[in-house]
Amino acid sequence: MQLAKRVLELTPSPTLAISAKAKELKSKGVDVISLGAGEPDFNTPDNIIETAVDSMRKGFTKYTAAAGIPELKQAIIEKFKRDNNLEYKMDQVIVTMGAKHALYNFFQVVCNPGDEVIVPVPYWVSYPEQVKLAQAVPVFLEGKKENDYKITASQIESVLTDKTKAIIINSPSNPTGVIYSRDELAEIAEVCKKHDLYIVSDEIYEKLIYDEKEHVSIASISEDAYERTVVINGVSKPYSMTGWRIGYAAGNTSIIKAITGIASHSTSNPVSFAQFGAVEALNGPQDELLRMRNEFEKRRNTVLELVRDIPGFKPIKPFGAFYVFIDISEAIQGKYDNADKWAEILLDEAKVAVIPGSGFGLPNFIRISFATSLEQIQEGMRRIKNFVTA
Ligand SMILES: Cc1ncc(COP(=O)(O)O)c(C=O)c1O
C-alpha cells in the first residue's frame, strides 16, 4: 500500500510542528510563552459576529454559488476600487476558503507538470508545497540582505528559463514584514511583461502596515500588470477572522472561471454565514481594524527594541504584518548547527516557542510573532535574552 508521490514529497509545516509541541507542554501545565502564532490574538469584532449569527437565524444556512454570494463579491469589488484603485467585474472575483485555498487553486489552474514558479526567499511556508502539489517546480530566488531580502527585476531575469510560468509577490511579506515600493513593483511588472509571466500577488497583510507606509498592489501598476496578475486577499488577518476561512481572488476572467470549476468539484461554496460576516467586515465600520493595527504597531516597536538588545540578533525591520524575522547566525555560531536546533532547545529550557527560519528558506533565522499581548512579548523576550547570554 503506497501513498501518492505528491504527498510523499510534501514537507510538513515547521510552523505547525513547534506550535504543536508548545501546545502539548501548555496542556501539561508548563508555563510556555508562545511567540509563534500566525494569527491575531483579538476576537473577531462583535458587529461581524452578530451579522453572521443573524444570517443563520434568517436561514442562510444552505449551499451558495461556488464562487460566493453576490453581496460579498460586490463588497470585494468595492474594496478593490476603494483601496487599490482596481476595477473588477463580478466574473473576475471568487470567494474561497481562506487566502490559502485561493493560492492553492491558482497554482492548480495555471501550472502544467514541470512548469517553474519563482518563489522569493524567504517565503511563506505553503508556497513551495502548493507549487509542488500542482506538479510544478519552485525556483527559489533569495533577495539580497542589503535590500531587506526583497527580490529585484534583474534577479528575476537571472533565473528565467523557457519553463518559467509565474512569480509570487507577497507584500507585506510573511515572514519579514517588508513592503515593496511602487517603483520596485513597476520594475518587476516590466520583466513579467517582457517574459510573459503570470503574477500571483498575495496581499493578505495589506491592512496591517506601520509608519504610514503605502501598500501598492502590483495589479494597479499598469494595464498589462492588471491582466497578468491574480490578486489574493482575505479577511483572516485584518479582521481577526482566521477560523472563518474566507479569502478571495481577483483577476482575469478565464483564470477565475477555472478556479471556480475546481472549487465546484472539491469544496463547493465557502461557509454561507461566514460569507455574510465577511460582507460586514468589508462594508461595516473599520474602527476595530484600526484599533488592532495600532496595537500591533505599538507591539512592533517594543519587540524591535527588545530584539536589538540581544547580542548577535539582527532583525529585519518589519513595516507590515505581525512578525519580526531575525538573523541569529552570530548568536548560534559554534554552539548550534542551525536555528532549528536552537529553537528546540529554547523551548525545552526557556519555555519560549519561536519559529525557526528553515521553513521560510533561511535556516539561520527565527520568526517571532507579536500577535500576542505586550506582557507575553516582554516576558518571552526576557527569557530569550537570558537564554542567549547565559
Ligand atoms: C502570506 C500568507 N498568505 C496567506 C495566508 C493564509 O491566510 P488564510 O487564513 O486567509 O488562508 C497566510 C496565513 O498565515 C499568510 O501568512
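Just so it is clear, none of the values below were taken in a lab; they were calculated from the coordinates. Small disclaimer: the values here were computed from a predicted structure and weren't measured. Virtual Cβ from ideal backbone geometry, glycine too; neighbours counted across all protein chains shown.
When the Gaussian network model of the chain links Cα atoms closer than 10 Å, the mean-square fluctuations of LYS237, LYS28, LYS317 top out at LYS28.
The alpha carbon centroids of the range 335-383 and the range 284-310 are separated by 19 Å. Residues whose amide H falls under 5 Å from that of PHE319, counting only those 5 or more places apart or on a different chain, are VAL178, ILE179, with hydrogens built in the peptide plane.
Under 17 Å from a label point set 7 Å out along the Cα-to-Cβ vector of LEU10, the amide N atoms of the range 104-133 belong to 104-108, 125-133. Near PHE140, the amide H atoms lying under 5 Å from its own belong to VAL119; only residues 5 or more places off or on other chains count, and H is placed 1.01 Å from N. Here the relative contact order of the range 60-283, from alpha carbon pairs under 8 Å that lie six or more residues apart, stands at 29 percent. In the chain, a dipole from Cβ-located charges (positive for Lys and Arg, negative for Asp and Glu) runs towards its positive end, and of LEU10, PRO40, GLY312 it is LEU10 whose Cα lies farthest in that direction. Close amide H contacts of LYS150 (hydrogens built in the peptide plane, cut-off under 5 Å, sequence separation of 5 or more or a different chain): LYS144.
Dividing the radius of gyration of the alpha carbons in the range 187-263 by their Kirkwood radius gives 1.02 for Rg/Rh. Here the range 171-211 and the range 1-65 have alpha carbon centers that stand 26 Å from each other. In a Debye calculation with equal point scatterers on the alpha-carbon sites of the chain and no solvent, what is log10 I(q)/I(0) at q = 0.10 Å⁻¹? Those come out to -0.66, one per q. Considering all different alpha carbon pairs of the range 222-317, the Kirkwood hydrodynamic radius works out to 16.8 Å. Here the range 60-283 was treated as a single set of alpha-carbon atoms; its pair distances binned every 10 Å from 0 give 8, 36, 38, 16, 2, 0 percent. A run of the chain free of exposed loop cleavage sites, with GluC sites (Glu not before Pro) counted only in DSSP states other than H, G, I, E and B and at most 14 other beta carbons within 10 Å, reaches its longest extent at 215-390. Take every pair of alpha-carbon atoms less than 8 Å apart whose residues are at least six positions apart; their mean separation over the length of the range 1-149 yields a relative contact order of 19 percent. Remark: the range 265-279, residue by residue, has Karplus-estimated 3J(HN,Hα) of 9, 10, 10, 6, 6, x, 3, 4, 6, 5, 5, 5, x, 5, 4 Hz, where x stands for each Gly or Pro and the curve is 6.51 cos²θ - 1.76 cosθ + 1.60 at θ = phi - 60°.
Both numbers refer to the Cα atoms of the range 1-85; Rg and Dmax are 20.5, 53 Å. Extension gain for GLN378-SER181 works out to 67.7 nm (0.36 nm per residue, less the C-alpha to C-alpha distance). The alpha-carbon of LYS150 sits under 24 angstrom from the alpha-carbons of these lysines, leaving out residues fewer than 8 places away in its chain: LYS100, LYS132, LYS163, LYS165, LYS193, LYS194, LYS207, LYS213, LYS237, LYS314, LYS317.
A simple charge model with +1 on the Cβ of Lys and Arg, -1 on the Cβ of Asp and Glu and nothing else charged puts the dipole of the range 60-283 at about 760 debye relative to its Cα centre.
A simple rule links phi to the HN-Hα coupling: the Karplus curve 6.51 cos²θ - 1.76 cosθ + 1.60 with θ = phi - 60°, which for the range 113-126 gives x, x, 5, 10, 10, 7, 10, x, 10, x, 10, 5, 3, 7 Hz, with x for Gly and Pro. Take every pair of alpha-carbon atoms less than 8 Å apart whose residues are at least six positions apart; their mean separation over the length of the chain yields a relative contact order of 24 percent. Reported to the nearest whole Å, the Cα centre-to-centre distance from the range 89-114 to the range 264-283 is 15.
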